[in-house]
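Participant: Got a structure here, written out as C-alpha cells. Questions coming.
The values are calculated or read from the model by the stated rules, or taken from the named source; none is laboratory data. Every value quoted in this text rests on a predicted model; they were computed, and no experiment measured them. Cβ: placed from backbone, ideal geometry, glycine included. Neighbour counts: every protein chain shown.
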Amino acid sequence: MKTALVTGASRGIGRAIAIRLAADGAAVIVHYGTDEAGAAATVETIERAGGTAYAVRAELGADEDVDTLFAGVEAALAGRPLDILVNNAAAPPAGPLGVTTREEFDHLFAVNVRAPYFTVQRALPLLPDGGRIVTISSVATRMANPAQTSFAMTKGAVETMTLTLANDLGTRAITVNAVAPGATRTPTNAPAFAAPGLVESITRSTALGRLGAPEDVADIVAFLASDAARWITGQIIDATGGLFLGPRA
C-alpha cells in the first residue's frame with residue numbers, strides 16, 4: 001500500500017484529493033491547520049469506504065510548522081516510506097496592492113511558499129525513488145487580476161519550485177508537477193459565487209462551460225500520482241476547463 005500526505009485536506013480541493021487517492025488504494029495522511037472537525041470528516045469518509053487515513057494537525061505559516069507536521073507524519077508512517085506528497089494547503093488572496101498589509105503579505109508567503117518548500121525538504125528522505133510530488137497552483141499565474149497580486153506571486157513561486165525540483169529529482173525518478181485550478185466551487189467559497197451574474201460570466205469565459213468541482217482537480221492529481229504519469233514531470237497542468245482561452249462566439 002502506498003502512502004500519501006495531502007496538506008490542507010480538511011475541506012474543499014484537499015479533501016477531494018485525499019478521498020480520491022484513498023480510493024486508488026493509498027493510505028492518506030490528512031493534514032489540517034485548524035479545522036479538526038473537517039479533518040475528522042475526511043478521515044471518516046475514507047474509512048467508511050474501506051480505506052486508511054490519519055489526521056495530523058500543524059498550523060502552516062507558524063514557527064516550527066514543518067517540524068510539527070512531520071512529527072505527526074512520521075508517527076503515522078511508522079517506518080513506511082512516503083510515496084506521494086501533495087502540497088495543497090494555501091492562504092487565500094489578501095487583496096489588491098493598495099490594501100494588502102505587510103503582515104498579510106508575509107503570512108501569504110509563509111503558508112503558500114515557505115511551507116511547501118520546507119515540506120518538500122523534509123519529505124525527501126522519506127520519498128522512495130519513483131515518488132510523486134504535486135503542488136496546487138492557480139490560474140492566477142496566467143491572468144492579470146489586481147485583487148490577487150500577492151497571491152499570484154506566491155503561486156508563481158511554487159511553479160518555479162516545481163520546475164527546478166523536477167530537474168533536480170529526475171535522477172531518482174521522482175516526478176514533480178503542479179496543477180493550476182481556476183474557478184472551482186467548494187462549500188467554503190460558495191458564497192463568493194453568489195454575486196449576481198458572476199457564475200454566468202465565468203462559464204461564458206470557460207471553454208467547457210461550467211465552474212470546476214473539487215473532484216475535477218482531484219482526478220488530475222490522482223493521475224499525476226499514478227504510475228501512468230511516470231513520464232510527466234516539470235509540468236504545470238491547467239485545471240480550469242479552458243478558462244479565458246480566448247474570445248467566445
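Participant: In the stretch 191-249, how many residues are touching a Pro at 6+ places or on another chain (Cβ under 8 Å) and among the hydrophobic types (A, V, I, L, M, F, W, C)?
Facilitator: The total comes to 2.
Participant: Just to confirm my filter: which strands (runs of 3 or more DSSP E) fall fully inside the stretch 1-60 and include at least 3 residues that are within 18 Å of VAL221 (Cβ to Cβ), touching a helix residue (DSSP H, G or I) at 6+ places or on another chain (Cβ under 7 Å) and touching a residue at least 24 places away in the same chain (Cβ under 8 Å)? Break it down stepwise before answering.
Facilitator: Values: elements: 3-6, 27-32, 53-57.
Ranges flagged: 3-6, 27-32.
Participant: Still on this structure, I have one more. Please specify each residue of the stretch 96-136 satisfying the condition of being small (Gly, Ala, Ser) and either buried (at least 17 other Cβ atoms within 10 Å of the Cβ) or under 17 Å from the mean Cα position of the chain (by Cα) (or both).
Facilitator: The answer is ALA110, ALA115, ALA123, GLY131.
Participant: Right, next: Specify which of the listed residues (VAL221, VAL176) is closer than 25 Å to VAL28 by Cβ, in contact with a Ser or Thr (Cβ under 6 Å, 6 or more places away or on another chain) and surrounded by 12 or more Cβ atoms within 10 Å (Cβ to Cβ). Break it down into steps so the answer makes sense when it comes.
Facilitator: Details: VAL221 fails: in contact with a Ser or Thr (Cβ under 6 Å, 6 or more places away or on another chain).
Sole residue among the options that is closer than 25 Å to VAL28 by Cβ, in contact with a Ser or Thr (Cβ under 6 Å, 6 or more places away or on another chain) and surrounded by 12 or more Cβ atoms within 10 Å (Cβ to Cβ): VAL176.
Participant: Residues ASP106, ASP129: which one is over 19 Å from LEU163 (Cβ atoms), of a type in the set (Asp, Glu), assigned to a helix (DSSP H, G or I) and modelled with pLDDT of 95 or more?
Facilitator: None of the others qualify; the one that does is ASP106.
Participant: Could you tell me whether any residue of the stretch 163-171 is at pLDDT 95 or above and outside any helix (DSSP H, G or I)?
Facilitator: Scanning the stretch 163-171 turns up no residue that is at pLDDT 95 or above and outside any helix (DSSP H, G or I).
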